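The structure appears right after this line, and notes come after that.
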Amino acid sequence: MTDSQLAVIILAAGQGTRMKSATPKLLHNLAGIPIVSHVLATARELDAAHTVVVVRHERDRLVEVVQDQLPAGLIVDQDEVPGTGRAVEQAVAALPANFAGDVLVVNGDVPLLDAGTLTGLIEEHRRDRTAATLLSAYLEDPTGYGRIVRDEHGGLDRIVEHRDATADELAIAEVNAGVYLFGLAELRDQLAALGTANSQGEKYLTDVIELLRRSGSTVAALPVTDPWLVAGINDRAQLSEAAGRLNGLIVRGWQLAGVSIIDPATTWIDLAASIENDVEILPGSQIRGATVIATGASIGPDTTLLDCEVGEGATVKRTDATLSVIGAFASVGPFAYLRPNTIIEEGGKVGTFVETKNSRIGAGSKVPHLSYIGDTTVGVGSNVGAGTITANYDGVNKHRTVVGDHVRTGSHNVFVAPVRIGNGAYTGAGTVVRKDVPAGSLAINVAPQRNLEGWVATNRPGSVAAQAADAALDAAAQETGD
Ligand code: UD1
Ligand code: CA
């Protein structure tokens, strides 16, 4: 049920300078989705009356993600005045005039936060009727974070940013998590009073705490027990640490759901993936995007699947596959490369050093060795010979190859598309198939072989080849007795 007394503000306007990236910080990938999408998903669970997202840096790219995920979200463009305080000031101004309640402010770079922690914060705040309650955490290395300064009674006094802190303050291990709950009226009053007298010349949201205290309001800091929940992502080292932490949780979740994961340290699973029980995932595998894997399948080692569908009992070894469907009991790899829109039907095989693209391999059909199969349809029960290449591109357009049912093609063929090979047809080794092969025919177009006898003795006299040939010819002559 919608919490009519709650508005959520997500801060996403910062540049993320410490990332040193052309991609805005909040759009960097974490478990398959942008950092900010984790926060948006958590905010969504709260079902607040209003959700506001503040943007500025690369605003169009952020807005696209927000509108996709949170269509009812309100977008606010931060002006040229920098700082988290200014961002909240503008977000609050955008709330409907009739809204009166609590305002939850969440930094957009705190992706591991969960809705349960936020619900706990909201409950605590409403029970104690404080003007502001924020989440804090005790960190072994608090570098970069704002420090929680408590008074002699242990109450929250103010927050001092790392850059502005004294040596004594820097020694404080309790940090501001960047997650706050404010009463709207109190917040609005203090935002108007914010100054920019700090090392960055910004309006700091964190200064609201001291202002509230001085105006006689009560404020509180609520430490979380698991500091990971409030880990902020500022640079790529923190991003990889958070990714490792989240991946550990995801892997463990699937293990407890009945998936065998041999080596959690080298197995990466995106949030959107879905895996049935009794799937086995071998070391060095990445299950990315919205990949779905059915029961009994074996994946890896060293396999990457992006947005793929793997059927029951299929085997996929040392393979890279994108947007492909691997049917039940099919076998792929080792060393296969499935490019988008490859469909392998039940019991089909794409073997070693085979690349496929935009192709359907029918049930029970096999492409076992060293082939490129592009823009091709193979019927059922067919076998494509080793070293087959579909020549699908004439330099201007792509053309299709159609191979029928129960076809046997020879090794080292080229299928020059567009071309069709009828049901039950055969092709000889080394055939370049340029015209359609009717059902049941054998296609061969290789020139007859000529042996020029004695060529080596004449043209390479005295060479080791000539000596070897001479000896072989002598031996053969003795055997036949002349
Ligand atoms: C902030 C807090 C710090 C806290 C830390 C927790 C302030 C002044 N400091 O520091 O006390 O320990 O988070 O992770 O708030 N943003 C805007 N507009 C701006 C600037 C930032 O929307 O003008 C957004 C950013 O996109 C980001 C969030 O606010 O999502 C926090 O900004 P960031 O620069 O990362 O703040 P920190 O230095 O980490
Ligand atoms: Ca931050």
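Miscellaneous remarks
- Counting every alpha-carbon pair across the range 1-154, the share separated by more than 24 Å comes to 35%.
- Largest first, the residues Glu280, Glu45 sort by 1.4 Å accessible area into Glu45, Glu280.
- Each Lys and Arg adds +1 at its Cβ and each Asp and Glu adds -1 at its Cβ; summed about the Cα centre, the range 247-443 shows a dipole of about 720 debye.
- Against the main long axis of the alpha-carbon atoms of the chain, helix 236-256 sits at an angle near 70°.
- Each peptide in 29-39, 52-62, 225-235 gets a packing score, the mean of other Cβ atoms within 10 Å over its residues, and the list from highest to lowest is 29-39, 52-62, 225-235.
- Lysine pair count for the chain with Cα-Cα distance under 27 Å and sequence separation of 8 or more or different chains is 15.
- Segment Thr119..Arg460, full-extension length gain: 113.9 nm, with 0.36 nm per residue of separation and the alpha-carbon distance subtracted.
- Using the Cβ-Cβ distance between Ser411 and Arg339 with R0 set to 35 Å, the FRET efficiency from 1/(1 + (r/R0)^6) comes to roughly 0.90.
- Relative to the dominant Cα principal axis of the chain, helix 59-69 is inclined by about 80°.
- Solvent-accessible area per residue in the chain equals 47 Å², computed with a 1.4 angstrom probe and all protein chains kept.
- For Ile9, residues with placed amide H under 5 Å, excluding near neighbours: Val52, Leu104, Val105, Val106
- The range 1-90 shape via C-alpha gyration tensor axes, a/c threshold 1.5: oblate
- Relative contact order for the range 329-482, counting Cα pairs under 8 Å that sit 6 or more residues apart, in percent: 12
- Relative contact order, percent, the chain [alpha-carbon distance under 8 Å, six or more residues apart]: 8
- Centre-to-centre, using Cα atoms only, the range 253-332 and the range 356-390 are separated by 23 Å.
- Potential lengthening between His57 and Arg188 on full extension [0.36 nm per residue; Cα-Cα distance subtracted]: 44.7 nm
- Sulfur and carbon atoms: percent of accessible area, the chain [1.4 Å]: 51
- Projected label points at Gln467 and Lys398, each 7 Å from Cα along the beta carbon direction, are separated by 5.5 nanometres.
- Charge dipole (Cα centre; +1 on Lys/Arg Cβ, -1 on Asp/Glu Cβ; no other charges) of the range 175-269 amounts to roughly 80 debye.
- Most to least packed among 19-27, 211-219 [average Cβ atoms within 10 Å]: 19-27, 211-219
- 3J(HN,Hα) from dihedral phi, the range 126-140, Karplus parametrisation 6.51/-1.76/1.60, rounded to Hz, x for glycine, proline: 6, 5, 8, 6, 7, 6, 8, 10, 10, 8, 10, 8, 8, 10, 4
- FRET efficiency estimate (nearest 0.05) - Cβ-Cβ, Gln238 to Ala93, R0 51 angstrom: 0.95
- Over the range 373-435, the Kirkwood radius and the radius of gyration, each from Cα atoms, give a ratio Rg/Rh of 0.94.
- Selection of trypsin sites (Lys or Arg not before Pro), the range 399-454, meeting DSSP coil and at most 15 other Cβ within 10 Å: Arg434, Lys435, Arg450
- Projected onto their three principal axes, the Cα atoms of the range 211-303 cover extents of 64, 26, 21 Å, largest first.
- For the range 247-443, convex hull volume per residue from C-alpha positions, Å³: 83
- For the chain, the spherically averaged projection of the C-alpha convex hull amounts to 35.7 nm².
The values are calculated or read from the model by the stated rules, or taken from the named source; none is laboratory data. Everything numeric here is computed off the predicted structure, so don't read it as measured data. Backbone-built Cβ (ideal geometry, glycine too); neighbour counts: all protein chains shown. Protein only, heavy atoms only, side chains kept; ligands, DNA and RNA dropped before computing areas. Shrake-Rupley method; radii C 1.70, N 1.55, O 1.52, S 1.80 Å.
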